[in-house]
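Student: For reference, the structure I am asking about is given below.
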Amino acid sequence: MPSIWSETVTMPEFPKLSGLIKVHTAVIGGGMAGLLTAYMLKKRGIDCLVLEASRIGSGQTRNTTAKITSQHGLIYHKLIEDKGYDMARLYGEINQRAIEMYGEIAEAEGISCDYERLDAYLFGKGGGDALRAEADAAASLGIKAEFVGNAGLPFPTAGAVRFENQAKFHPMRFLKGISMGLNIYENSPVKKVEEGVLQLDGAQVSAENIVFATHYPFINMPGYYFIRMYQSRAYSVALENAPIPKGMYIGCSEDAVSLRTYKEYTIMAAGDHRTGENSKGGKYHALRTMAKELFPNSREVCAWSAQDCMTPDNIPYIGKYAANRPGWYVATGFNKWGMTGSMTAAQVISDMIASGGSRYEELFSPQRMDGAIMGEVVREGVQAVKGLARQNFSIPKEELDNLPAGHGGIVQTPEGKAGVYRDEEGRVFIVDTRCPHLGCQVEWNPDEKSWDCPCHGSRFDHMGNLLDNPAQENLRRME
C-alpha cells in the first residue's frame, strides 16, 4: 500500500545501465543512505554512480515516519554503560549533526521538503525512573534533553524525555532534490560482486570502492550480516482530524506507538514484530482500533508498513564491509532510525573514502564483536535452524480445500509442501515455501498478503515476486 510520502510526490526517472563502465565509487542502493553518500562524494569531487534495482526511494525510504532525531529510544544510558562515555558522546554528536545537515542541504539545494525543527518526546506509560535516567544520560553528553512530567498527549503517561530542536520532513521530496545531478541508474539490479567488479544483466561496472546501501546486505560472505541482525516490521496510518500537540512522539514500551504530523495529517505507527512472525495478523486492525479510541473523529487516508534492520547493541553497521575487502563499505542496521542513520552513514563512509578515515569509524565498525554481537550470532543461528526445521519437518497448517478466499497458508500438494494463496475470485497461486536466500520456510503474513521469511526478513508477494531483500530471486512458482 502506498505511503503518504509516495502519494504526494512525483519522482524523476533514470535510465537502465548497459555496457561497461569504470568509476571511482559505485553505490548499490538508491534509498536515502545511498543517494546521500553519492551526493557527499560528488561534493568532494569523487566520480560516483548509483545502481538501483528498481526506482530510487522504492524501498524503506518511502515508508519511514520521517523523523530526524537523535532521540533513539532508551539508548544513551545504556550506551554509556556498555560503550563508555566517549563512544556515547560520539553517537549523540553525529546524530545531532545529521539533523542540522538535512536542513543545510535542503537550503543549499533549494529543496522544498517541509523541513521543520521541533521537539521530540520519548514517553512511557510506566517506568518514570528509566525516563529520568535517560534524560540525565543524554544531558550529560551535551544533548539538550530533559524529563518532563506531561507530554500533552491524549492519554496518560508517566512523563517523557524531551529532546529540543529535532526535525521532521518529507523524505521523498528531499530524495528527489538531491538526486538531481547525480549519476543514477534505475532498474539495474546488481547480480554479483567480485572484488571490484559488479555484474549486472547486460552491464558491468569496475570500481575502486563499492558501497552497499541496500538496506540489508545481499552478499552473505564475507560479512555474515545475516547472523548479526534481524528484520522488524511496523505499520502506519495517516489520519485526518486527529489533533496532537506540536512535536514528535514515540513510546518506549513493547506496545509503543509513534506519532507525528504532516500538514493536516497525523501519522501513527505501531505493531512492531519480527518479520515472518505475524501468521495471526491483526496488526492493521489493532492500529485502526487504537486510532479510533484516541481520535474518535479521525479518518484514515493512507496505510502502509516499513521494515528495519535491528542490531543487538542498537548501533548501526557503518564502515568497512569486511576486513578482507578493503574497498567495500556497508550501511545497514539503522534500528528504526533510518533518516538520521542514513545521514550518519553518508558522513562516515564519504569521509573514509575521500579522506582515508573517520573519527566515528570505531563506534560504527561492522567488525566489532562484543558480547551483545556474539549473543545475537547465537540467537540468529537458533532462528535459522528453526526456519530450516519448519521447512523440512513441520506439518502443513492448512489443507488446500479448506483455504478460504482471500487467505494464504502452508498446504500439502501432490509435489509436497507449498505456500498457497486463494484470492477473492477463487484463483489459486502456489509457490515453493523455501526462501531463495538461505532456504528457510516462509510464513504467510495476512495483513499484507505476503510471504515473509522469519530467518532473515526477505519478503514476497502472493505470487512469489520479491518485495524485500536479502533474497535476490523470486519464490519458485508451482502449478
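Student: Filter LYS22/LYS320; LYS42/LYS320; LYS67/LYS246; LYS263/LYS283; LYS246/LYS283; LYS67/LYS192 down to the pairs with a C-alpha to C-alpha distance above 23 Å, please.
Tutor: Working: LYS22/LYS320 21 Å; LYS42/LYS320 20 Å; LYS67/LYS246 13 Å; LYS263/LYS283 25 Å; LYS246/LYS283 27 Å; LYS67/LYS192 34 Å.
Beyond 23 Å: LYS263/LYS283; LYS246/LYS283; LYS67/LYS192.
Student: Let me ask something additional. What does the accessible area per residue of the chain come to in Å², with a 1.4 Å probe and no ligands, DNA or RNA counted?
Tutor: Working: 19380 Å² over 479 residues.
Accessible area per residue: 40 Å².
Student: Dipole magnitude of the chain about its Cα centre, charges +1 at Lys/Arg Cβ and -1 at Asp/Glu Cβ only, in debye to the nearest 20? Let's see the in-between values first.
Tutor: Numbers: 50 positive and 57 negative charges, 43 e Å.
It works out to roughly 200 debye.
Student: Further question: What is the magnitude of the charge dipole of segment 42-180 about its Cα centre, with +1 placed on the Cβ of each Lys and Arg, -1 on the Cβ of each Asp and Glu, and no other charges, expressed in debye to the nearest 20? Present the calculation step by step, with values, prior to reporting the outcome.
Tutor: Details: 18 positive and 18 negative charges, 87 e Å.
For segment 42-180, the charge dipole is close to 420 debye.
Student: If you roll a 1.4 Å probe over the chain with all protein chains in place, what percent of the accessible area is carbon or sulfur?
Tutor: Answer for the chain is 50 percent, counting heavy atoms of protein chains only.
Student: Here is a further query. Which GluC sites (Glu not before Pro) in segment 153-213 sit in a loop by DSSP (not H, G, I, E or B) and have at most 15 other Cβ atoms within 10 Å of their own Cβ?
Tutor: Details: sites: GLU164, GLU186, GLU194, GLU195, GLU208; in loops: GLU186, GLU195.
Those satisfying the criteria are GLU195.
Student: Positive end of the dipole of the chain, charges at C-beta (+1 Lys, Arg; -1 Asp, Glu), about the Cα centre: which of HIS77, PRO189, GLY357 has its Cα farthest in that direction?
Tutor: GLY357
Student: How would you rank 40-49, 231-240, highest first, on the average number of other Cβ atoms within 10 Å across their residues?
Tutor: Values: 40-49: 17.0, 231-240: 22.3.
Top to bottom by mean Cβ count within 10 Å: 231-240, 40-49.
Student: Let me ask something additional. With every protein chain left in place and a probe of 1.4 Å, what is the accessible surface of PHE295, to the nearest 10 Å²?
Tutor: The value for PHE295 is about 10 Å².
Student: A follow-up question, please. If GLU300, GLU7 are ordered by their accessible area, calculated over protein heavy atoms with a 1.4 Å probe, which sequence runs from highest to lowest? It would help to have the intermediate numbers written out before the result.
Tutor: Numbers: GLU300 70, GLU7 115 Å².
The ordering from most to least exposed comes out as GLU7, GLU300.
Student: Among ILE244, TYR284, GLY19, which residue has its Cα furthest toward the positive end of the charge dipole of the chain, with +1 on Lys/Arg Cβ and -1 on Asp/Glu Cβ?
Tutor: GLY19
Student: Tell me, rounded to the nearest percent, the portion of alpha carbon pairs in the chain spaced more than 37 Å apart. Working shown, then result.
Tutor: Details: 29588 of 114481 pairs.
In whole percent, the share of Cα-Cα pairs in the chain beyond 37 Å is 26.
Student: Suppose every Lys and Arg Cβ carries +1 and every Asp and Glu Cβ carries -1, with no other charges. What dipole size does segment 98-137 come out with about its Cα centre, to the nearest 20 debye?
Tutor: Values: 3 positive and 10 negative charges, 62 e Å.
Rounded to the nearest 20 debye, it is 300 debye.
Student: Further question on the same structure: Using helices alone, I'd like the mean residue ellipticity at 222 nm for the chain: each DSSP H run of four-plus residues gives -39500 (n - 2.57), total over residue count, nearest 500.
Tutor: Numbers: 10 runs with 128 residues, N = 479.
One gets -8500 deg cm²/dmol as the mean residue ellipticity at 222 nm.
Student: Please compute the volume of the convex hull spanned by the alpha-carbon atoms of segment 272-377 and report it per residue in Å³.
Tutor: Details: hull volume 16.5 nm³, N = 106.
Each residue corresponds to 155 Å³ of Cα convex hull volume.
Student: Right, another one. Residues of segment 214-247 with amide nitrogen under 13 Å from the 7 Å Cα-to-Cβ point of MET369?
Tutor: Output list for this probe position: 223-225, 228.
Student: Quick one: which of 241-252, 259-270, 25-36, 143-154 comes out on top by average Cβ neighbours within 10 Å, and what's the full order, highest first? Mind showing how you got there, number by number?
Tutor: On the way: 241-252: 18.5, 259-270: 20.2, 25-36: 29.0, 143-154: 16.1.
Averaged packing, sorted descending, gives the order 25-36, 259-270, 241-252, 143-154.
Student: With unit charges on the beta carbon (Lys/Arg positive, Asp/Glu negative), name the residue among GLN204, MET1, MET369 whose Cα is farthest towards the positive pole of the charge dipole of the chain.
Tutor: Of the listed residues, the answer is GLN204.
The values are calculated or read from the model by the stated rules, or taken from the named source; none is laboratory data. In this text the structure is predicted, and so the values were computed from the model without any measurement. Neighbour counts are summed over all protein chains in view; Cβ atoms, including those assigned to glycine, are modelled from backbone coordinates with ideal geometry. Accessible surface is based on the protein model in full, side chains and every heavy atom, while ligands, DNA and RNA are left aside. Shrake-Rupley method; radii C 1.70, N 1.55, O 1.52, S 1.80 Å.
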